[in-house]
Amino acid sequence: MESILVLTHADETGSALTRASLEAITCGKELATRLNAPLTIGIVAADPDPLAKGLPCTTLAVSGEAFAQPRYATDAAACEALCRASQPAIVLAPQSSRFARVMAGVAHRLGGVIDTHITALAAESGPNSIPASIDATRWFYRQRIEAVISRSSRPWFLLLDAGTHAPYESNAAAGQPEQIDRIAVTVELPPLRTTVTGIRAPKQDAQTIRPDAKLLFVAGAGWTKKQPDGQIHTEEAGQLILNFIRVSGASLGSSKSLVDQGGEAHSVLPFLTHMNQVGQTGATPRHAKGLSTCCHGEEPHVVGWRFIGERRAISLDPNCGWTRGKADVVYIADAFQVIAKLNELL
Ligand SMILES: Cc1cc2nc3c(=O)[nH]c(=O)nc-3n(C[C@H](O)[C@H](O)[C@H](O)COP(=O)(O)OP(=O)(O)OC[C@H]3O[C@@H](n4cnc5c(N)ncnc54)[C@H](O)[C@@H]3O)c2cc1C
């Protein structure tokens, strides 16, 4: 029978599991139900006890200051120890930067195999499927080719892309005693050469790419084009966009034309880089909603909206790509006016 281990880790505060870890638990629970297989959750954290509360199955945890910060040597040793203690056939883990960099090494130490960027799992167990048949889905070539992978090698490590499952929510009643085993796992740490002295990160409001935001706000090249008064208004455009991002908490995306302008000596918005670009040669982010502004909605751009739930656009052009069936709602309007009004209301 396949046994499943879900590896999780604490967030930066140390007081909760990351959202991606909770998503991996949902995925593990679903898989365990489908295969009728035992499920265990492994936790990497300085103080795992409060994090284990309300989890649906046996937990194995490493603890101690060494696991408060991401570091290859300690994280790899922790994940290896959790795997050796649980002896799973299938290991699920979030594709976080913390786990993505150690998990191939851990799989190698366990003599296992690994696949990354998994978005969905399908499984079937039956008398003739030993080991169970598990199909893992991932995308290749900028999300244009969807592949389904199955393997007979075990242990099989699968790193799950964030945003593909609902985060696990405990339904344990508060105050009720839990009947679930919590097992502490000791780790023999190798000599540590790396000392984590702190994290240097841009301020929250300077960080415009926010994968967890509900809304994707896309700026197109129209923001820097001549407007009906015959003038360009790049500075005003920049202020409107940044204000909107700040008050709405949206993630900022861009069309290729707009980010390319920097290299072509045109008037540019200095806070945009190619990291913001959405589309065929850019990113394919996952957000519940998307609002496109001053962007024509051409196919190489819109292909990056594959995982955006509800799409709206503001364009002056009633014949733009968005109006031709690519958006749910299109406002034929001046984005300068609409966003100024929206900012005022927000
Ligand atoms: C191989 C290849 C790969 C590509 N990959 C990508 C990619 O990854 N991502 C990407 O984005 N593009 C990509 N492109 C380019 C893509 O085809 C388009 O050229 C690009 O998306 C156009 O950007 P845009 O809509 O912002 O600019 P434009 O086409 O210039 O459109 C600007 C729009 O702004 C509107 N507008 C102007 N002022 C206002 C206003 N005040 N209010 C409202 N609307 C206004 C105009 O009506 C116009 O519709 C690729 C192209 C190729 C050939």
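Leaving out ligands, DNA and RNA but keeping every protein chain, what accessible area does ASP229 have, in Å² rounded to the nearest 10, with a 1.4 Å probe?
Surface accessible to solvent at ASP229 totals approximately 90 Å².
Got the relative contact order for region 1-133 handy, in percent, Cα pairs under 8 Å and 6 or more residues apart?
On the way: 218 pairs, mean separation 39.5, N = 133.
It rounds to 30 percent for region 1-133.
Tell me, what is the FRET efficiency for LYS53 and SER97 to the nearest 0.05, using R0 = 30 angstrom and their Cβ-Cβ distance as r? Write down the numbers at each step before the final one.
On the way: r = 26 Å, r/R0 = 0.86.
E(calc), rounded to 0.05, equals 0.70.
In percent, what relative contact order does region 198-258 have, based on Cα pairs under 8 Å that are 6 or more apart in sequence? If you can, show how the numbers build up before the last one.
Numbers: 60 pairs, mean separation 29.5, N = 61.
Value for region 198-258: 48 percent.
If eta is 1.002 mPa s and T is 20 °C, what Stokes-Einstein diffusion coefficient results for the chain, Kirkwood Rh from Cα pairs, in µm²/s?
Value of D from the Cα-based Kirkwood radius: 96 µm²/s.
Give me P(r) over region 202-346, computed from all C-alpha to C-alpha distances, binned every 5 Å, as integer percentages.
With 5 Å bins starting at 0, P(r) equals 2, 10, 21, 25, 23, 14, 4, 1.
Run the numbers on the chain and let me know its relative contact order in percent, using alpha-carbon pairs under 8 Å that are six or more apart. Spell out each step's value before the answer.
Values: 693 pairs, mean separation 47.9, N = 346.
Result for the chain is 14 percent.
Could you pull out every residue, at least 5 positions away or on a different chain, whose amide H is within less than 5 Å of the one on ARG151? Hs are placed 1.01 Å off N in the peptide plane, and Pro or chain starts have none.
ILE134
For region 178-237, compute Rg over Rh where Rg is the Cα radius of gyration and Rh is the Kirkwood radius from the inverse mean 1/r over Cα pairs. Please list the in-between numbers first.
Working: Rg = 24.8 Å, Rh = 18.4 Å.
Ratio of gyration radius to Kirkwood radius: 1.35.
Quick one: if you stick a label point 7 Å off each Cα along the C-beta vector at ASP135 and ARG151, how many nm between them?
1.9
Scan around GLY42 for amide H atoms under 5 Å from its own, H built in the peptide plane at 1.01 Å from N, and keep only partners 5 or more places away or cross-chain.
Answer set, sorted by chain and number: VAL6, LEU7, THR8, LEU60.
To the nearest 10 degrees, how steep is helix 19-35 against the longest Cα principal axis of the chain, on a 0 to 90 scale?
60
Give me the accessible area per residue for the chain, probe 1.4 Å, as a whole number in Å².
I get 51 Å² per residue for this part.
Give the accessible area for HIS296 in Å² (nearest 10); use a 1.4 Å probe, count only protein heavy atoms, and leave out ligands, DNA and RNA.
Ignoring ligands and nucleic acids, HIS296 comes out at about 90 Å².
At a probe size of 1.4 Å, how large is the accessible area of ARG210, to the nearest 10 Å²?
30
HN-Hα J couplings of region 151-159 from phi, Karplus 6.51/-1.76/1.60, θ = phi - 60°, integer Hz, Gly and Pro as x?
Once θ is set to phi - 60°, the couplings for region 151-159 become 9, 9, 5, 9, x, 10, 8, 10, 8 Hz.
On a 1.4 Å probe surface of the protein chains, which of MET1, MET103 comes out largest in accessible area, and what is the full order? List each step's numbers first, then the result.
Values: MET1 175, MET103 0 Å².
My answer, sorted largest first, is MET1, MET103.
Run through the DSSP bridge list for the chain and note the antiparallel percent, rounded to the nearest 5. The partial results should precede the final answer.
Values: 12 of 59 bridges.
If I count the DSSP bridges inside the chain, around 20 percent turn out antiparallel.
How large a share of the accessible area of the chain, in percent, is made up of carbon and sulfur atoms when the probe is 1.4 Å and the other protein chains stay in place? Before the final figure, lay out each step's value.
On the way: 9000 of 17800 Å².
About 51 percent, which is the carbon plus sulfur part of the accessible surface.
Label-point separation (nm) for ALA16 and THR273, each offset 7 Å from Cα along Cα-to-Cβ?
Roughly 2.8 nm, to one decimal.
I'd like the projected area of region 55-164, averaged over all directions, using the convex hull of its alpha carbons. Report it in nm² with one decimal. List each step's numbers first, then the result.
Working: hull surface 32.8 nm².
Its Cα hull, projected and averaged over all orientations, spans 8.2 nm².
Pop the C-beta distance of ILE232 and GLN87 into the FRET formula with R0 = 51 Å and round what comes out to the nearest 0.05. Present the calculation step by step, with values, prior to reporting the outcome.
Details: r = 64 Å, r/R0 = 1.26.
Computed FRET efficiency for ILE232 and GLN87 comes out at 0.20.
For the chain, what is the mean residue ellipticity at 222 nm derived from helices alone (per DSSP H run of n ≥ 4: -39500 (n - 2.57); sum divided by total residues; nearest 500 deg cm²/dmol)?
On the way: 8 runs with 84 residues, N = 346.
After summing the helix terms and dividing by the residues of the chain, the value is -7000 deg cm²/dmol.
At 1.002 mPa s and 20 °C, plugging the Kirkwood radius over alpha-carbon pairs of region 1-109 into Stokes-Einstein gives what diffusion coefficient in µm²/s? Don't skip to the end; give the middle numbers.
Values: Rh = 13.6 Å.
Reported coefficient: 158 µm²/s.
Residue by residue, what Karplus-based ³J(HN,Hα) values in Hz, rounded to whole numbers, does region 89-102 have, using 6.51, -1.76 and 1.60 with θ = phi - 60° and x for Gly and Pro?
My calculation for region 89-102 gives 8, 10, 10, 9, 8, x, 7, 8, 4, 5, 8, 4, 7, 9 Hz in order.
Calculated FRET efficiency, ALA184 and MET1, Cβ-Cβ r, R0 30 Å, to nearest 0.05? Each step should come with its number before you reach the end.
Working: r = 26 Å, r/R0 = 0.85.
Plugging the Cβ-Cβ distance into 1/(1 + (r/R0)^6) gives 0.70.
Bins of 10 Å, beginning at zero and ending with the bin holding the largest distance: percent of Cα pairs per bin for region 304-346, please.
P(r) over region 304-346, rounded to whole percents: 28, 45, 26, 0.
The values are calculated or read from the model by the stated rules, or taken from the named source; none is laboratory data. For clarity, every value in this text was computed on a predicted model and none was experimentally measured. So basically every Cβ, Gly included, is an ideal-geometry build from the backbone, and we count neighbours across all protein chains shown. Just so you know, the surface numbers come from the protein's heavy atoms only, side chains and all, with ligands and any DNA or RNA stripped out. Shrake-Rupley method; radii C 1.70, N 1.55, O 1.52, S 1.80 Å.
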